[in-house]
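Undergrad: One structure follows; several queries about it will come next.
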Amino acid sequence: MSHPPWSDDGMFAKILSRRRFASMLPFLAASPRVPRWESVAHRIAPTLPVHQSQDPVARVFLGSMMQKEPVPLFYQGGSTPGAFRRFRPVSLYRLFPGGPIYAHGFCLLRQESRTLRLDRVRLG
C-alpha cells in the first residue's frame, strides 16, 4: 500500500523540497512567484530578539539601530556577493538560542526590505 508523501506513520513528516510541495498544492504551483523558504522563515518561526551581544558586528548593528544610521558593509551572500551596500537595520534576532544572528532592515542598494545573516557581513 502506497502512502501519500505527507504521511509519516507516527514519525516526523519528511521535509519536502519547494518544488515537490508546490506540485502537491495546485494553487501554489500556479502562483507566479513561489517565495524562497529563507525569506519567509523569520515570519514562520518564533524569533528571539537580540538586545546585546559580544559579537562586534552585532554591536555595530545595535548602535546603528539606536542612532537610526545605515551601516556600510560588504555582504557575502545574495544575488551580488561581496557588493558594498548600506543597510539600515530595524531588528536583530536569532531563530534558536545560540544560533546565528539575523538583521532585518532596509537595504539602500536594492531599495527593498532585506534580512541579512550577520556571520556573512564584513563591515565597510
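Undergrad: Suppose the Debye formula is applied to equal point scatterers at every Cα of the stretch 45-123; what is log10 I(q)/I(0) at q = 0.21 Å⁻¹?
TA: Each listed q maps to, in turn, -0.91.
Undergrad: In terms of the Cα gyration tensor, with a ≥ b ≥ c the square roots of its eigenvalues, is the stretch 67-106 rounded because a/c is under 1.5, prolate because a/b exceeds b/c, or oblate?
TA: It is oblate, given that a/c is not under 1.5 and a/b is not larger than b/c.
Undergrad: Work out how much length Q111 to L95 would gain on full extension: take 0.36 nm times their residue separation and subtract the Cα-Cα distance, in nm to one decimal.
TA: Once the chain is fully extended between Q111 and L95, it gains 3.2 nm.
Undergrad: Still on this structure, please answer the following. What does the charge count around P100 come to, taking other residues whose C-beta lies under 11 Å from its C-beta (Lys +1, Arg +1, Asp -1, Glu -1)?
TA: +1
Bear in mind that the values in this text are calculations on the coordinates, not laboratory data. The structure presented is a predicted model; accordingly, all values stated were derived computationally and were not measured. Note that we place each Cβ from the backbone using ideal geometry, even for glycine, and neighbour counts take in every protein chain shown.
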